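The values are calculated or read from the model by the stated rules, or taken from the named source; none is laboratory data. Here the structure is a predicted model, which means the values were calculated and not measured. All Cβ positions, even for glycine, are placed from backbone atoms using ideal geometry, and neighbour counts span all protein chains on display. Side chains included, ligands, DNA and RNA excluded: accessible areas come from the protein's heavy atoms. Shrake-Rupley method; radii C 1.70, N 1.55, O 1.52, S 1.80 Å.
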Amino acid sequence: MDGPRSDVGRWGGNSWQPPTTPEPEPEPEPDRRSRGGGSRSFWARCCGCCSRRNRADDDWGPEPSGPRSRGSDSRGVRRPESRGTGVNAAGDGTIREGMLVVTGVDLLSSRSDQNRREHHTDEFEYDELILRRGQPFHVVLFLNRDYESSDHITLELFIGNNPEVGKGTHVIIPVGKGGSGGWKAQVTKASEHNLDLRVHTSPNAIIGKFQFTVRTRSEAGEFQLPFDPRNEIYILFNPWCPEDIVYVDHEDWRQEYVLNESGRIYYGTEAQIGERTWNYGQFDHGVLDACLYILDRRGMPYGGRGDPVSVSRVISAMVNSLDDNGVLIGNWSGDYSRGTNPSAWVGSVEILLSYLRTGYSVPYGQCWVFAGVTTTVLRCLGLATRTITNFNSAHDTDTSLTMDIYFDENMKPLEHLNHDSVWNFHVWNDCWMKRPDLPSGFDGWQVVDATPQETSSGIFCCGPCSVESIKNGLVYMKYDTPFIFAEVNSDKVYWQRQDDGSFKIVYVEEKAIGTLIVTKAISSNMREDITHLYKHPEGSAAERKAVETAAAHGSKPNVYATRDSAEDVAMQVEAQDAVMGQDLTVSVVLTNRGSSRRTVKLHLYLSVTFYTGVTGAIFKETKKEVALAPGASDRVTMPVAYNEYRPHLVDQGAMLLNISGHVKESGQVLAKQHTFRVRTPDLSLTLLGAAVVGQECEVQIVFKNPLPITLTNVVFRLEGSGLQRPKVLNVGDIGGNETVTLRQTFVPVRPGPRQLIASLDSPQLSQVHGVIQVDVAPASGSRGFSEAGGDSRSGEAIPMASRGGA
């Protein structure tokens, strides 16, 4: 990538100036966006066959160096000239007597029609036909005369700049004769001048937006139906089709991981888990176009878009902005003045529509935002996908497959040597597919991680990586297994500097990494523990074998050779659950499990930390010597006042307690890092009246400032698929300990249970969210769909309904 990098990644502690956010261009009509090609570098470096491609291959576009170009066709497709009338074989538009002329086509594409319902695409807020591959659909042709047995009809589909039959970008389907690769069309009914067809699509079809036309041939000549944008067809992956390699054999899984438009994302620490609702919004109008634009912007060959392995890998690269001007600019600096605080987003829709509308990368994202957007994109394209949180997630920078932490002779952290980091939590994605590119046994859940941490084949992307290969330490399996394995199943190794300057392992913490891996449960808002899918039980023979097998392939294969193991003093850390603005206490409990007296010299160092493991300066420390009789326990406490930690707090309100100790009698070294956080308050949402499609409804939002200081430039966000397009509300300042109430109206556009999600952000307080379920009744006399939509204006100043004191 030329020029300074925009994403700071885990290097958030370094000095960094956010890039200037370009002014967005005026919003164009939805169908007039560009699908300019993308950089060749991704495929040249990740795919050998693509690196040797012919430069004349028109599936490739120019390098996207900035916002997308204007004025091209909405799919980057060279549209054949569309005449107002049919085209005969001579191309002069003459319609001769006896020719079979197609006067019209009904693709049964409305949301209430048979095709959309059978293909599980009726929730998409689109009027075009949206299909899932490998499944038949119905078409009605309107003819100028009766259909005769001597007539020949051919359906054709086109995608890409230079459609070719051999690449699957030009599909020819002769009616009644059977096509190739699973494509075929049959007449189901012929009545008067109408012809009903049942068309079968290939389970390996390219995904994307196709042009559709019909050709006829009779004794009187040939005819071609002009291209009509109303007859364009979207084709998606199909987890309902057993022949599709993305097939999922559980209906409840498909309902949750493909069709659910909202979900829960977990954050915080293992002991203090927070959760937030995220609006995926994969069926909102414009989102499908944004997802296809992402593939076009990367320059992905159309011929490769039927492969979910390749598609998911491209998405992992394109959701972040590094290398390719992708969707989101990562920012871990704490300065979000030129964009949106990552904690303030409540869903993916606003982000994706902004990228589609302007072509500029959207500021800013962190891991849960990258993962939330990835879930939206992959579900929208038809891949069963879920959002995963790994607590105590390691970032291995030297491929040692261990987390190495260095201390001086007195066991004080040597931060300039501690390049590996342990994130309090990290969020990525699982998507379900077969892996024909791997040996048998590695189908199923695959990790895809769009957060830019390390490069893969020179590109900031990660996955897809089989969860089964991670579980068993098979780090030679593609893609990126060593990095992901270290995130969930490596050991934390403590090194102490010796008098001669060398380093010696003084402690190995085997249960410190990947301590809990969770996702939202199916059909509920409960949290599901899926740690067992990623790793064998901690301490088991299988788990130890996996770790040591993986480490043998790392850069420090003999790391376990010099371990010391004499341990009879146990240490446990406890942190008080506190709300932002309150004082708190942390405690260390020491227990002598031996039969002899022990004396422990203990050091406690407290600092703030970004959730990525990047720490600030130590702002409080305690040293104490503790005498322990055999079998006895003692507690060392450290009170921390709000005024002590307030000046140092960073995003997520997290703090890191470094504990080190030395047992005089035995020489045992005690070492532990414990992360805890102060919680933020929730927003309270109340629905005022019944919700009906097409009718205005009102919601009340109540917030109490927990801090004794004024919150300035407060911004609320409101979003909910089928309820409210993304909306930004500027409310000004909120005084210390003040309670505010505001009311907002919205017009539901789709029936059923919906989630309305809100957030609050200010420079003094972030990570404040609220959600309410809205059960929307259908409009009387219809299936309930409405063309009305919530207002999506940004930056609107909102008067307060009421402001109350504490």
Please give, to one decimal in nm, the separation of the simple spin-label points placed at Trp253 and Thr686, each 7 Å out from Cα toward the Cβ. 4.3 nm
Hey, got the dipole for the range 591-742? About the Cα centre, +1 on K and R Cβ, -1 on D and E Cβ, debye to the nearest 20? 920 debye
Once Lys and Arg are counted +1 and Asp and Glu -1 for all other residues with Cβ under 11 Å from that of Val311, the total becomes +2
Just to confirm the filter: which trypsin sites (Lys or Arg not before Pro) across the range 142-246 are DSSP coil and have at most 12 other Cβ within 10 angstrom of their Cβ? Lys177
Rounded to the nearest 0.05, what FRET efficiency do Glu148 and Asp228 have when you use their Cβ-Cβ distance and R0 = 25 Å? 0.50
Packing rank of 621-627, 348-354, where each peptide gets the mean count of other beta carbons within 10 Å, highest leading: 348-354, 621-627
Residue-normalised accessible area of the range 115-223, given per residue in Å² at a 1.4 Å probe: 39 Å²
Pull out the extension gain between Ser112 and Ile95, defined as 0.36 nm times the separation in residues minus the alpha carbon to alpha carbon distance; nm, one decimal. 2.6 nm
How much length would be gained if the chain were fully extended between Gln700 and Ile522, taking 0.36 nm per residue of separation minus their Cα-Cα distance, in nm to one decimal? 61.2 nm
Using the beta-carbon distance between Arg198 and Lys545 and R0 = 51 Å, what value does 1/(1 + (r/R0)^6) give for FRET efficiency, to the nearest 0.05? 0.45
The rounded separation in angstrom of the Cα centers of the range 744-776 and the range 143-163 is 48 Å
In the range 121-162, GluC sites (Glu not before Pro) in a DSSP loop with at most 15 other beta-carbon atoms within 10 Å: Glu148
With the dipole of the range 599-655 worked out from charges on the C-beta (+1 for Lys and Arg, -1 for Asp and Glu) around the Cα centre, which of Met638, Gly613, Leu602 lies farthest toward the positive end? Leu602
Extended-chain gain in nm, criterion 0.36 nm per residue less alpha-carbon gap, Arg593 and Gln186: 138.7 nm
About its Cα centre, how strong a charge dipole does the range 169-314 have in debye, to the nearest 20, once Lys and Arg get +1 and Asp and Glu get -1 at the Cβ? 480 debye
Points 7 angstrom from Cα along the Cβ direction at Thr745 and His416: gap in nanometres? 6.4 nm
Can you pull the three principal axis extents for the Cα set of the range 181-259, in Å, largest first? 52, 26, 23
Note down the Stokes-Einstein diffusion coefficient of the range 285-348 in µm²/s, whole number, using a Kirkwood radius over alpha carbon pairs, 10 °C, and 1.306 mPa s. 119 µm²/s
So if I restrict to the alpha-carbon atoms in the range 331-394, what is the Rg, and what is Dmax, the biggest pairwise distance, in Å? 12.8, 37
For the range 348-488, the fraction of alpha-carbon pairs in successive 5 Å shells from zero, as %: 2, 9, 16, 20, 19, 13, 10, 6, 3, 1, 1, 0
If r is the Cβ-Cβ distance from Asp437 to Glu270 and R0 is 41 Å, what FRET efficiency results, to the nearest 0.05? 0.75
So how far apart, in nm, are the two label points at Glu409 and Val579 if each is 7 Å from Cα heading toward Cβ? 4.9 nm
For a quick check of your reading of the filter: which chymotrypsin sites (Phe, Trp or Tyr not before Pro) in the range 417-525 sit in a DSSP loop and have no more than 10 other Cβ atoms within 10 Å? Tyr476
Over 21 Å between C-alpha atoms is what I'm after, so list which of Lys520/Lys545; Lys412/Lys492; Lys511/Lys535; Lys412/Lys664 land there. Lys520/Lys545
